[in-house]
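Bear in mind that the values in this text are calculations on the coordinates, not laboratory data. Note that the coordinates shown come from a computational prediction; the quantities given were computed from them, not determined experimentally. Ideal geometry is used to build each Cβ from the backbone, glycine not excepted, and the neighbour counts take in all protein chains shown.
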Amino acid sequence: DAQTGGHRLRPDWEGSDVLGIGRKTIHSAILEATGATQGQYRTKYSQFREASDSCVALKEGGGFKQRLLVTPPALTVLGVYQRLLSLAGMVGGGSEKRKIAAMAGMIRAGSGN
């Protein structure tokens, strides 16, 4: 279920909020957030074999070429949960791009590992 983007945000009895985010969408968000090239990402991914570790390495050890004019507010557990719920609600035309932009925003706001 998790491999096909079927990550559930709530127990079945509360509703069926499913993220519906695949690997390609996650990779696109990482590239957008870090400004890394496909080649840089592939190199890190082959080293770590995990998207999250590759993302942190790109942000901290090079590949993060974007400079932000305003530092995004720090992530909180509740804030991340609410953003994930909003991602689950994004459907229809253009939802893929909106999901990528929202995830890229969370990646930019994140720090450390």
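Annotation: amide H of I21 within the under-5 Å range of H7, sequence separation 5 or more or interchain, hydrogens built in the peptide plane.
Per the Kirkwood definition applied to all pairs of different Cα atoms, how many angstroms is the hydrodynamic radius of region 8-54? Spell out each step's value before the answer.
Details: mean 1/r = 0.0818 Å⁻¹.
After inverting the mean inverse Cα-Cα distance, the result is 12.2 Å.
Sorting the segments 19-31, 83-95 by their residues' average number of neighbouring beta-carbon atoms within 10 angstrom, most packed first, yields 19-31, 83-95.
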